[in-house]
Amino acid sequence: MDRLVQALGNKGQRALQLANAPRIDDGYFGPDSISWKVYQNPVVIGLAGILGSVVAMLDPIGAAGVAQHSTYMSDPLRRVRRSNAYFLTVVYGDTAMAQKAGRDLFRVHSHVNGVVPATSESYRANHIDALKFTYICGFPSLWDCYTAFSGERIGPDDEKRFWEEQVIVAEILGIPKGVLPTTSSEVNEWVHYAETEIMAYTEPAQELVNFFLHPPMRPAWPLAAVNPFLRIATIAALSQLRPGARAVMGIPDMPVRTSVSKLLVRQAAFWAGKPIIDDFVAVAGYEAWGYRHNPRRNPTGSGAVPYDRDLGLLLQQGKGGTLSAPHPTATETIA
C-alpha cells in the first residue's frame with residue numbers, strides 16, 4: 001500500500017525512505033524480543049507517549065528544563081511524536097541506527113541546563129538522576145498501556161523480559177550499566193520512592209495536562225482535526241496513572257468518560273493493526289511508522305545482537321556528559 005503512504009506528501013515520502021533503508025543487522029532486540037511486540041501498535045505507543053510525557057513532567061527539575069528550553073508547551077504533539085521516534089529507532093533500528101539515535105538525543109539534551117526558578121537549584125538534563133526519573137517512571141507507562149489496550153495475551157515471562165530490555169533502551173540513551181532496576185518489584189519500589197520524594201504537580205505539568213485534556217482548536221490543522229480524538233486518548237492514557245502519581249496530581253477518576261474512552265481506544269488499537277489503517281498512521285508519526293516497518297521490509301536474519309557495550313557510560317564521559325572520571329571500559333568509541 002505504498003501508494004497510500006506516498007499520497008500523504010512529504011511525510012509519507014520520508015516514512016517510506018525510512019522503511020526502505022538498508023540495515024546491517026536486527027539490532028539489539030530482534031524479532032523474538034518483547035520490545036518489538038510492545039512497540040508495534042501505534043495506538044498503544046501514542047497513549048504511552050501522552051502518559052509518559054505527563055509523568056516525566058512530574059519531576060520538578062525536568063519540568064523546569066522543558067519549560068525553559070523546549071517548544072513542548074507550544075507544540076506538545078510534535079514533542080510526543082519525536083520522543084516516540086527516538087524509542088522506536090532504538091528498538092527497531094539496526095545497531096548503527098540505535099547508537100546514532102542515542103547519541104543524537106544525548107547531544108540535544110546536553111544543551112538543556114539551567115536553574116529551577118522555585119528552588120534556585122541547578123539542573124542538567126543529561127544528569128543520571130534526571131534520566132533515571134524519566135526512564136524508570138516512563139517505561140511503566142508503556143507497559144501499563146500495552147497490557148490495558150493492546151488486546152495481546154501477556155505471558156508469564158513477558159513482563160520480566162520487558163524490564164530487562166528497557167534497561168538496554170535507557171542505557172543506549174545515556175544511562176551507564178548497573179544503574180537501573182531490572183525487575184518489576186525493583187521498578188515499582190523506585191516509582192513509589194519517586195511518587196513520595198520527587199514528584200510535584202508544578203505549573204508546567206499542569207499546563208501540559210490542560211493542553212491534552214482541553215486541546216485548542218487552532219491551528220486548524222492538525223488541532224481542530226485531532227481535538228476530539230486527543231481528548232479521548234488522554235482520558236484513556238491518564239486512566240493508567242499509577243495511584244501515587246494520580247494522588248500527586250489530584251486528577252479525579254471520571255468513571256463514565258474513562259470507561260467510554262477506554263472502550264473506544266481498545267477498538268482503535270485493534271483496527272490500527274490493519275494494513276490500510278496503519279498506512280494512514282504515517283501522517284501523524286512518519287518517523288515511527290518508517291522505523292516500525294523497516295525490519296519487515298529488510299530482514300537480515302541476524303537475530304538480536306548481544307548488547308555487550310556500555311554506551312551510556314561512553315555518552316556520559318563524552319561531550320555534554322556529566323561524568324569526567326576515566327573508566328576502564330571507556331576506551332572504545334561509539335560508531
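Structure above, values below:
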read-out	value
Met217 accessible area, assembled protein chains, probe 1.4 Å, Å²	110 Å²
Pair Lys177, Val115: separation of 7 Å Cα→Cβ label points (nm)	4.0 nm
Extended-chain gain in nm, criterion 0.36 nm per residue less alpha-carbon gap, Asp2 and Ala96	31.3 nm
Most to least accessible of Asp308, Asp157, Asp59 (protein chains only, probe 1.4 Å)	Asp308, Asp157, Asp59
Structure-based [θ]222 nm, the chain - -39500 (n - 2.57) summed over DSSP H runs of at least 4, per residue, nearest 500	-19000 deg cm²/dmol
Net charge, Leu264 excluded, C-beta distance under 15 Å - Lys, Arg +1, Asp, Glu -1	+4
Separation between Cα centres of segment 128-143 and segment 299-323, rounded to whole Å	18 Å
Estimated dipole of segment 68-204 in Debye, rounded to 20 [Cβ of Lys and Arg +1, of Asp and Glu -1, Cα centre]	660 debye
Selection from Ile154, His293, Leu323, by position along the positive dipole direction of the chain (Cβ)	His293
Rounded Å value of the spacing that divides the Cα centres of segment 188-211 and segment 53-118	17 Å
Projected label distance in nm at Asn298 and Met217, using a 7 Å step from Cα toward the beta-carbon	4.5 nm
Computed magnitude of the charge dipole of segment 118-189 (debye, nearest 20; Cβ of K, R +1, Cβ of D, E -1)	200 debye
Length added when fully stretched, Arg78-Ser122, from 0.36 nm per residue minus Cα-Cα	13.1 nm
Estimated FRET transfer efficiency when R0 is 22 angstrom, pair Trp271-Glu164 (beta carbons, to 0.05)	0.10
Ranking by accessible area, most exposed first, for Thr147, Thr202, Thr89 with a 1.4 Å probe	Thr147, Thr202, Thr89
Share of carbon and sulfur in the accessible heavy-atom surface of segment 6-71 [1.4 Å probe, %]	53 percent
Given Lys132/Lys177; Lys132/Lys160; Lys100/Lys177; Lys37/Lys274; Lys37/Lys319, the pairs whose alpha carbons are separated by over 23 Å	Lys37/Lys319
Sites Asp104 and Asn20 - FRET efficiency at Förster radius 22 Å, r taken between beta-carbons, to 0.05	0.60
Electrostatic dipole magnitude of the chain [Cβ: Lys, Arg +1; Asp, Glu -1; Cα centre; debye, to 20]	1140 debye
Rounded to the nearest 10 Å², the accessible area of Lys100 at probe 1.4 Å	100 Å²
Computed lengthening from Arg246 to Asn10, 0.36 nm per intervening residue step minus Cα-Cα distance	81.0 nm
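The values are calculated or read from the model by the stated rules, or taken from the named source; none is laboratory data. Remember, predicted model here, so these are calculated numbers, not experimental data. No Cβ is skipped: glycine too gets one built from the backbone with ideal geometry, and neighbour counts run over all protein chains shown. Keep in mind that these areas ignore ligands, DNA and RNA; they rest on the heavy atoms of the full protein, side chains included. Shrake-Rupley method; radii C 1.70, N 1.55, O 1.52, S 1.80 Å.
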